[in-house]
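Structure first, commentary second.
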Amino acid sequence: MLSQIQSPEDLKNVPKNKLPQLAEEIRRKIIEVVGKNGGHLASNLGVVELTIALHRVFNSPDDAIIFDVSHQCYAHKIFTGRYNQFDTLRQHGGISGFTRRVESPHDFFDNGHSSTSISQGIGLLAAWQNTGKDGKVVAVIGDGALTGGMALEAMNHAGQLGKNLIVVLNDNKMSISENTGSISNYLSKLSMSGFYQHFRNKLNYLVGKLPNSDRHLGKVIYRFKRALKGLLLSNNLFSDLGFEYVGPLDGHNIREMEKVFMQAKKLTGPVVIHVMTTKGKGYSPAENDPATFHGIGPFLISDGKVEKFDNLSFTQIFSQTMVKLASVNNKIAAITAAMAKGTGLDAFARKYPERFYDVGIAEEHAVSFAAGLAAGGMTPVVAIYSTFIQRAVDQIIHDIAISHFGAVICLDRSGAVPDDGETHQGIFDIALLRPVPNITILSPATARDLELSLTWAVNAGKPVVIRYPKSTCPSELEPFSAEIREGRGVFVSSDTFAPSLSVQFDRDVETEDEKAKPSRKVLFVCTGGILAETLQACRSLLMEGVRADIYSIRFIKPFDFEYFYNIAKEYDAVIFAEDGVKEGGISQSAGDYLLKNSYNNFEICAFPQKFLSQGSRTQILEDCKMDCRSLAERALALLYKK
Ligand SMILES: Cc1ncc(C[n+]2csc(CCOP(=O)(O)OP(=O)(O)O)c2C)c(N)n1
């Protein structure tokens with residue numbers, strides 16, 4: 001059936017009795033493609049029936065269906081003309097795993113960060129009403145995303161505006177891990193108002209049995225039902241905020257949802273429709289372990305097993321180091337904004353639950369909460385993905401930096417982030433945070449380097465940011481064990497990582513050939529996250545008879561310019577490799593310093609001022625001419641002025 005559905009109109013024409021089969025086909029397709037490409041499996045399996053019901057009742061794109069975060073939009077993509085491209089999901093050049101305006105008029109926003117849909121929805125509705133456009137706006141938001149401050153700010157505003165925004169609250173009791181906090185507890189209470197549910201169903205059944213002549217009695221029963229609901233659910237947060245509240249509904253019952261959505265269309269004010277779904281529905285490995293299958297790489301469909309890598313990732317090293325540090329320092333506390341697993345803080349949470357805080361999807365609060373912990377004498381370590389810290393820049397400046405609090409902010413997934421596309425790249429943190437006074441920024445390059453950096457940071461007694469990429473750590477290199485000296489990087493001679501090539505290089509210099517072409521040496525200056533590619537570039541230059549050493553920027557800030565210059569000036573060329581956006585990066589400042597000292601044979605390889613689309617890490621780096629081959633070519637071009 002699926003291949004015949006090219007639009008929501010086709011979906012509306014599917015007979016009701018065929019809908020379960022359709023849902024089954026969608027699930028199979030999603031599992032097949034995510035098994036190959038990776039993606040947000042559990043969230044998408046949970047909303048298949050909900051998406052069917054929404055697209056059958058509303059008329060997208062005359063009506064707008066806005067998905068919060070939009071990681072759960074796969075069925076929506078299939079119903080809105082993208083079935084034939086669905087195999088390219090999250091691939092380089094393929095369709096995105098999130099809603100994208102360039103892909104379809106059915107995608108109203110480029111979402112990816114949480115808790116924005118209600119704000120976007122009322123804004124859109126206000127614009128439509130002002131411009132005379134007649135359309136309904138639906139915001140589909142998860143119970144996890146509802147913990148984000150923005151969602152609550154928007155509800156506060158929506159209640160005041162009183163427009164007919166339809167909020168579908170998709171409650172599966174899960175954020176990525178189990179949802180936490182009072183709102184989550186509150187939703188559980190709402191969904192457990194079982195007595196009312198049971199009573200209501202019984203009454204509905206009885207009213208259905210009444211003969212037509214007893215319609216008056218039906219009305220009386222209906223009023224009684226409303227009164228009872230008011231009594232039992234009188235303390236309804238949503239009602240208090242000015243919303244109608246309907247629910248909870250079974251989010252896998254298409255008929256029930258369609259009926260309620262039809263009713264909601266007739267309302268004039270805002271409404272919350274509370275829908276209960278099962279994350280991972282229909283695929284037992286995902287139902288049993290929805291946190292692992294929230295966002296997952298390629299896996300084996302038969303058993304749900306994922307490929308394991310031998311080398312440890314930066315996240316794993318961070319995770320282990322946090323546990324180690326906490327065992328000797330009981331002042332260390334760890335904070336996550338709903339990403340315990342992703343950041344590796346789950347290990348800390350198991351070992352030291354009394355010092356672990358999952359604050360929900362609330363990065364701003366996480367940082368200000370850390371300020372409070374620091375003011376009270378603790379040493380907070382907040383772990384947040386680079387892309388999500390963008391939200392909390394003000395809290396870093398206002399609550400941490402001005403007061404010079406001893407707080408550590410660890411930015412995982414900095415630099416090129418694979419597969420998720422524009423909304424998830426970690427390329428702006430350096431430019432955003434470098435100008436802020438009182439902040440130290442570290443960029444460790446290896447496992448040992450991260451361990452040393454984190455140990456140093458928790459003892460520094462001042463604001464420290466540590467950034468590292470989503471990748472495995474390069475093999476250990478001796479120079480990275482060097483003691484931390486503030487402002488200074490780590491010099492890595494090619495003798496340490498390619499001794500055989502270096503020896504060969506020295507010998508080659510003696511040959512006739514090499515005498516004719518004077519030997520050259522290049523210095524690569526890299527941020528830690530791109531050391532692996534830089535090492536590869538060096539190796540290939542060594543093979544070409546060019547000496548290539550590395551200065552790894554351990555401290556992005558402060559940066560000891562003079563120390564760096566004294567190393568750089570000995571080289572024929574300097575190539576900067578920075579896994580951040582070029583404008584406002586450290587390379588630009590270091591380059592300016594070189595120029596001031598009359599050294600001008602350098603080039604900066606950093607991300608352009610562009611939103612980078614999805615691809616593997618290597619593909620993204622290739623697109624930006626920052627992969628190992630491009631780095632080597634740019635060095636040769638600079639050396640020989642090609
Ligand atoms: C600002 C921000 N922080 C963190 C995330 C990472 N993230 C993606 S989905 C998600 C959980 C969302 O839970 P919920 O809204 O309940 O949706 P579900 O996947 O359970 O359907 C999180 C924390 C994000 N997208 N945006």
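The values are calculated or read from the model by the stated rules, or taken from the named source; none is laboratory data. Computed from a predicted model, the values in this text were never measured in an experiment. For neighbour counting, all protein chains shown are included, and Cβ atoms are generated from backbone atoms with ideal geometry for every residue, glycine included.
Taking into account only those residues within the stretch 130-182 that are within 14 Å of the ligand (Cβ to nearest atom) and at positive phi, which is surrounded by the most Cβ atoms within 10 Å (Cβ to Cβ)? Only one residue fits best here, namely G181.
Residues of the stretch 86-101 being over 30 Å from F243 (Cα atoms) and within 16 Å of the ligand (Cβ to nearest atom), which ones? R90, S96, G97 - these are the residues of the stretch 86-101 that are over 30 Å from F243 (Cα atoms) and within 16 Å of the ligand (Cβ to nearest atom). If the condition is being among the hydrophobic types (A, V, I, L, M, F, W, C), outside any loop (DSSP other than H, G, I, E, B) and either under 17 Å from I441 (Cα atoms) or under 20 Å from the mean Cα position of the chain (by Cα) (or both), then the stretch 370-404 contributes V381, V382, A383, I384, F388, I389, A392, V393, I396, I397, I400, A401.
Among all residues of the stretch 319-327, there is none that is away from the ligand (no atom under 15 Å from the Cβ), farther than 25 Å from T472 by Cα and surrounded by 15 or more Cβ atoms within 10 Å (Cβ to Cβ). Residue check: is A53 in contact with a Lys or Arg (Cβ under 9 Å, 6 or more places away or on another chain), modelled with pLDDT of 95 or more and within 13 Å of K12 (Cα to Cα)? Against the criterion (in contact with a Lys or Arg (Cβ under 9 Å, 6 or more places away or on another chain), modelled with pLDDT of 95 or more and within 13 Å of K12 (Cα to Cα)), A53 qualifies. Contact map, the stretch 198-210: first residue over 16 Å from P248 (Cα atoms) and modelled with pLDDT of 70 or more, second residue assigned to a helix (DSSP H, G or I) and of a type in the set (G, A, S), Cβ cut-off under 7 Å, separation 6 or more or different chains; pairs are V207/G218; L210/G218. Looking only at the stretch 338-369, filter to residues that are part of a helix (DSSP H, G or I) and away from the ligand (no atom under 16 Å from the Cβ); which one of those is surrounded by the fewest Cβ atoms within 10 Å (Cβ to Cβ)? Among those residues, the one meeting the criterion is E354. Exactly one residue among T440, T455, T446 is among the β-branched types (V, I, T) and touching a Cys at 6+ places or on another chain (Cβ under 9 Å), and that residue is T446. Only one entry of A416, A407 meets the criterion of being of a type in the set (G, A, S), more than 13 Å from the ligand (Cβ to nearest atom), farther than 24 Å from A291 by Cβ and within 19 Å of the chain's Cα centre (by Cα), and that entry is A416. Scan the stretch 102-129 for residues that are more than 16 Å from the ligand (Cβ to nearest atom) and farther than 25 Å from E622 by Cα and the total you get is 13.
Out of all the residues in the stretch 1-8, is one or more out of contact with any strand residue (DSSP E or B) (no Cβ under 6 Å at 6 or more places or on another chain), outside any helix (DSSP H, G or I), among the aliphatic types (A, V, I, L, M) and at pLDDT below 95? There is at least one residue in the stretch 1-8 that is out of contact with any strand residue (DSSP E or B) (no Cβ under 6 Å at 6 or more places or on another chain), outside any helix (DSSP H, G or I), among the aliphatic types (A, V, I, L, M) and at pLDDT below 95.
I'd like the residue in the stretch 460-472 that is crowded, with 24+ Cβ neighbours inside 10 Å and within 16 Å of S313 (Cα to Cα) and, out of all such residues, is nearest to the chain's Cα centre (by Cα). Here the answer is P469.
When residues in the stretch 40-71 are screened for being more than 12 Å from the ligand (Cβ to nearest atom) and not in a helix (DSSP H, G or I), 9 of them pass.
The rows are residues; the columns are (1) of a type in the set (G, A, S); (2) touching a helix residue (DSSP H, G or I) at 6+ places or on another chain (Cβ under 7 Å); (3) in contact (Cβ under 8 Å) with a residue 24 or more places away in the chain.
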position: K36; (1), (2), (3): no, no, yes
position: Q85; (1), (2), (3): no, no, no
position: L89; (1), (2), (3): no, yes, yes
position: S104; (1), (2), (3): yes, yes, yes
position: D143; (1), (2), (3): no, yes, yes
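Selection of the stretch 72-90 for residues being surrounded by fewer than 18 Cβ atoms within 10 Å (Cβ to Cβ), part of a loop (DSSP other than H, G, I, E, B) and polar (S, T, N, Q) yields N84, Q85.
Of all residues in the stretch 328-337, those that are over 25 Å from the mean Cα position of the chain (by Cα) and either buried (at least 19 other Cβ atoms within 10 Å of the Cβ) or within 16 Å of the ligand (Cβ to nearest atom) (or both) total 1.
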